[in-house]
Amino acid sequence: MSISPSAHPIERLDPTQRTLRRAQYEAFEFELVAQGVLVRNASHANPEDHEYLVTIEDGLPHSCPCPADEHHQGACKHRVAVAIRTPVLEAARNAQRIRKLEDCGLQATANPPAP
């Protein structure tokens, strides 16, 4: 079955139900960084030992260096956690757009003029 590029990120990531539940209830913290979104799991006693960089490609959480993303089918809980939190995903997408504009020598504006 083919998934439309306009489908919700969860449909495109196709996580297991277990992964989706964990992405919803675990205490994730997010930090926007140049390479993507740093996801920290504050559910652990030592959250700094449980943080991973989720990269964004084509507006979708694309990769994560965690063991689950490397060894299991479907997206890991870190990628899903970014996808289900619309403000986090939108911030990462916008930052990516701004970087692309800057790479082309253009300046992005916070409030673009109305058409």
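Can you find even one residue in the range 67-86 that is more than 22 Å from T16 (Cβ to Cβ) and either among the polar types (S, T, N, Q) or out of contact with any strand residue (DSSP E or B) (no Cβ under 6 Å at 6 or more places or on another chain) (or both)?
no
Looking only at the range 59-77, filter to residues that are within 11 Å of L13 (Cβ to Cβ) and among the small types (G, A, S); which one of those is surrounded by the most Cβ atoms within 10 Å (Cβ to Cβ)?
Only one residue tops the list, namely A75.
Can you confirm whether the range 94-101 contains a residue that is polar (S, T, N, Q) and either assigned to a loop (DSSP other than H, G, I, E, B) or at pLDDT 95 or above (or both)?
no
Any residue in the range 40-65 that is over 12 Å from F28 (Cα atoms) sitting within a Cβ distance under 7 Å of a residue that is polar (S, T, N, Q) and not in a strand (DSSP E or B)? List the pairs, counting only those 6 or more apart or interchain.
Pairs that qualify, where the first residue is over 12 Å from F28 (Cα atoms) and the partner is polar (S, T, N, Q) and not in a strand (DSSP E or B), are L53/Q35; T55/Q35; I56/Q96.
Any chance you could count how many residues in the range 73-93 are under 22 Å from A42 (Cβ atoms) and assigned to a loop (DSSP other than H, G, I, E, B)?
3
Condition (residue is out of contact with any strand residue (DSSP E or B) (no Cβ under 9 Å at 6 or more places or on another chain) and under 19 Å from Q24 (Cβ atoms)) applied to the range 93-108: is it met by at least one residue? Can you show your working first?
So the first thing to find is which residues in the range 93-108 are out of contact with any strand residue (DSSP E or B) (no Cβ under 9 Å at 6 or more places or on another chain), and the list is 94, 97-108.
Filter again for under 19 Å from Q24 (Cβ atoms), leaving none.
For the range 93-108, residues out of contact with any strand residue (DSSP E or B) (no Cβ under 9 Å at 6 or more places or on another chain) and under 19 Å from Q24 (Cβ atoms): absent.
Of all residues in the range 78-112, how many are among the charged types (D, E, K, R) and either closer than 16 Å to H8 by Cα or touching a residue at least 60 places away in the same chain (Cβ under 8 Å) (or both)? Step through it out loud before you land on a result.
Pass one, the range 78-112, residues among the charged types (D, E, K, R): 79, 85, 90, 93, 97, 99-100, 102-103.
Those left that are additionally either closer than 16 Å to H8 by Cα or touching a residue at least 60 places away in the same chain (Cβ under 8 Å) (or both): 79, 85, 90, 93, 99.
Going through the range 78-112 one residue at a time, the tally reaches 5.
Name the residues in the range 8-56 that are aromatic (F, W, Y) and touching a helix residue (DSSP H, G or I) at 6+ places or on another chain (Cβ under 7 Å), would you? So that I can check it myself, show each step before the final result.
Taking the range 8-56 as the starting set, the residues that turn out to be aromatic (F, W, Y) are 25, 28, 30, 52.
Correct list: F28, F30, Y52.
The values are calculated or read from the model by the stated rules, or taken from the named source; none is laboratory data. These numbers were taken from a predicted model, which means no experiment stands behind them. No Cβ is skipped: glycine too gets one built from the backbone with ideal geometry, and neighbour counts run over all protein chains shown.
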